[in-house]
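Novice: This is the structure I have questions about; it appears just below.
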Amino acid sequence: MQDEQPCTRTILIPGGAGFLGSHLAEALLKLNHRIICLDNLSTGSLSNLTPLQGESQLDFIEADIAKPLPPLPKLDLILNLACPASPAHYQKDPIQTWKTSVFGAYHLLELARDRTIPILQASTSEVYGDPLEHPQKETYWGHVNSVGPRSCYDEGKRAAESLFFDYLRAYHLPIKVIRIFNTYGPRMDAQDGRVVSNFILQALRGQPLTLYGRGEQTRSFCYVDDLIDGIVRFIHFKGLTPGPLNLGNPSEYSILELAKLTLSLTQSSSLLSFKPLPTDDPRQRRPDIQKAQDLLQWSPQTSLQEGLTKTITYFQNLLHTAIPQDTQMNSKFGNLTRR
Ligand code: UDP
């Protein structure tokens, strides 16, 4: 990305009403940038933008990147975070997931090319599939089933990566690609079936924690603030490195360890309930973040215990508060455009 000065820029964030997109918008607003969140609200929610609704520098456009984009004002940068990311959500409408990943990337790359502006793609650790190399370095090409139920997301994101690098090679478009590993924290969707939100909600409600398989598979969980810090550093990095760049927390836990930690932090007496392992569920996942450490002097600062404690507090509050509906939010949100 070209030299990013700490001055006001107009930044388009497709997926800006999602869990990660809304946190990124918040962080960039604090740095005095003007933010346009564009989201089709399929899994994102205007309630994620509630904490930002007084911000005059924030606009929202309801639109779907899988379709031709609506007219947009002058832009300086695009950060593409648009796509359902939890297996439950992205498998609900796999064809739409693929269109969002691939057609969406194409539409945004054409926009960036037309405006001659830099563009960042949020890719995923899922491009490594069920990895045979551990931990996963950016140089690893992955081990992905191209015809399984996860492939709409995995292969969609892989196709998007290849498209980004083709635009770099063909048009010298300034691109950046990050690969995000499992991230958790406040504003996670309570309904998206991810392991952290499922376990916390089950523990708080006194329901059995659902472990898929024997809980021996591993993941490396990154607290959202750490991830956003890494993204912001990469955006402002004054270099032409396109990536791909792993961003995640290298501390690795089995799902059984996560369940036990959640029970202990919530002081819950919920039981463990073992369910069948989903098809193609990766057995292990841990990022090698040497590249991000060297390039950005970045590494996650939040322990799983600390991050889970904050996330538990968020879900405790959510359970005690009526969740605002998008329909209620619309009237409160100043700069809302529906298309
Ligand atoms: N998982 C689980 N119980 C749940 C939800 C998920 O045991 O209620 C497991 C799932 O099979 C996977 C891991 O937790 O091995 C992480 O799942 P998640 O959906 O959070 O993320 P992803 O599979 O995309 O890494």
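Novice: Every residue in the range 286-315 that is of a type in the set (Lys, Arg) and farther than 14 Å from Glu252 by Cα, please.
Specialist: Within the range 286-315, Lys291, Lys310 meet the criteria.
Novice: Return only the number of the condition from (1) within 16 Å of the ligand (Cβ to nearest atom); (2) more than 18 Å from Thr124 (Cβ to Cβ); (3) among the aromatic types (Phe, Trp, Tyr) that Phe237 does not satisfy.
Specialist: (1)
Novice: Here's something else I'd like to know. How many residues does the range 108-158 contain that are surrounded by fewer than 18 Cβ atoms within 10 Å (Cβ to Cβ) and free of Cβ contacts under 8 Å to residues at least 60 places away in the same chain?
Specialist: Final tally of qualifying residues: 13.
Novice: Would you check if Asn246 is away from the ligand (no atom under 11 Å from the Cβ) and either touching a helix residue (DSSP H, G or I) at 6+ places or on another chain (Cβ under 6 Å) or at pLDDT 95 or above (or both)?
Specialist: Spelling it out, Asn246 is indeed away from the ligand (no atom under 11 Å from the Cβ) and either touching a helix residue (DSSP H, G or I) at 6+ places or on another chain (Cβ under 6 Å) or at pLDDT 95 or above (or both).
Conditions tested, residue by residue: (1) surrounded by 15 or more Cβ atoms within 10 Å (Cβ to Cβ); (2) touching a Gly at 6+ places or on another chain (Cβ under 7 Å); (3) small (Gly, Ala, Ser); (4) in a helix (DSSP H, G or I).
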| residue | (1), (2), (3), (4) |
| --- | --- |
| Ile235 | yes, no, no, yes |
| Asn246 | yes, no, no, no |
| Tyr253 | yes, no, no, no |
| Ser268 | yes, yes, yes, no |
| Leu277 | yes, yes, no, no |
| Arg285 | yes, no, no, no |
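Novice: Let me ask something else. Given Gly156, Gly148, Gly142, which one is touching a strand residue (DSSP E or B) at 6+ places or on another chain (Cβ under 6 Å) and more than 24 Å from Val232 (Cα to Cα)?
Specialist: Result of the check over Gly156, Gly148, Gly142: Gly142.
Novice: Next up: Might you check whether a residue that is over 20 Å from Asp189 (Cα atoms) and at pLDDT below 95 occurs anywhere in the range 253-260?
Specialist: No: the range 253-260 contains no residue that is over 20 Å from Asp189 (Cα atoms) and at pLDDT below 95.
Novice: Right, next: Could you tell me which of the residues Lys291, Lys260, Lys275 is basic (Lys, Arg), away from the ligand (no atom under 12 Å from the Cβ) and in contact (Cβ under 8 Å) with a residue 40 or more places away in the chain? I'd like the intermediate steps shown before the answer.
Specialist: Working: Lys260 fails: in contact (Cβ under 8 Å) with a residue 40 or more places away in the chain; Lys275 fails: away from the ligand (no atom under 12 Å from the Cβ).
Exactly one of Lys291, Lys260, Lys275 is basic (Lys, Arg), away from the ligand (no atom under 12 Å from the Cβ) and in contact (Cβ under 8 Å) with a residue 40 or more places away in the chain, namely Lys291.
Novice: I would also like to ask the following. So which residues in the range 100-118 are in contact with a helix residue (DSSP H, G or I) (Cβ under 8 Å, 6 or more places away or on another chain) and part of a helix (DSSP H, G or I)?
Specialist: Across the range 100-118, the qualifying residues are Thr100, Ser101, Val102, Gly104, Ala105, Tyr106, Leu109, Ala112, Arg113.
Novice: Among the residues of the range 218-233 satisfying the criterion of being within 16 Å of the ligand (Cβ to nearest atom) and not in a loop (DSSP other than H, G, I, E, B), which is farthest from Leu295 (Cα to Cα)? Working first, answer last.
Specialist: Of the range 218-233, the ones within 16 Å of the ligand (Cβ to nearest atom) are 218-224, 227.
Right, trim to not in a loop (DSSP other than H, G, I, E, B) and you get 218-220, 222-224, 227.
Values: Thr218: 27, Arg219: 24, Ser220: 21, Cys222: 19, Tyr223: 20, Val224: 20, Leu227: 15 Å.
For the range 218-233, the residue satisfying everything is Thr218.
Novice: Examine the range 309-321 for a residue that is modelled with pLDDT under 95 and β-branched (Val, Ile, Thr), and state whether such a residue exists.
Specialist: Yes: one or more hits.
Novice: Kindly indicate the residue of the range 125-168 that is more than 18 Å from Gln217 (Cα to Cα) and of a type in the set (Val, Ile, Thr) and also nearest to the ligand (Cβ to nearest atom) among those meeting that condition.
Specialist: Step by step, filter the range 125-168, then rank; the result is Val147.
Novice: Can you find a residue that is on the phi > 0 side of the Ramachandran plot and either away from the ligand (no atom under 16 Å from the Cβ) or under 20 Å from the mean Cα position of the chain (by Cα) (or both) anywhere in the range 174-182? Give the derivation first.
Specialist: Narrowing the range 174-182 to residues on the phi > 0 side of the Ramachandran plot: none.
The answer is no; no qualifying residue exists.
Novice: When you scan the range 186-212, how many residues do you find that are within 10 Å of the ligand (Cβ to nearest atom), open to solvent by 60 Å² or more (accessible area, probe 1.4 Å) and outside any loop (DSSP other than H, G, I, E, B)?
Specialist: Number of matching residues: 1.
Novice: Here are some conditions: (1) part of a loop (DSSP other than H, G, I, E, B); (2) open to solvent by less than 30 Å² (accessible area, probe 1.4 Å); (3) more than 15 Å from the ligand (Cβ to nearest atom). Gly215 meets all but one. Which one does it not meet?
Specialist: Answer for Gly215: the failing condition is (3).
The values are calculated or read from the model by the stated rules, or taken from the named source; none is laboratory data. Because the structure is a prediction, the values reported are computed rather than measured. Glycine gets a Cβ as well: all are built from the backbone with ideal geometry, and neighbour counts include every protein chain shown. For accessibility, only protein heavy atoms count, side chains too; no ligands or nucleic acids. Shrake-Rupley method; radii C 1.70, N 1.55, O 1.52, S 1.80 Å.
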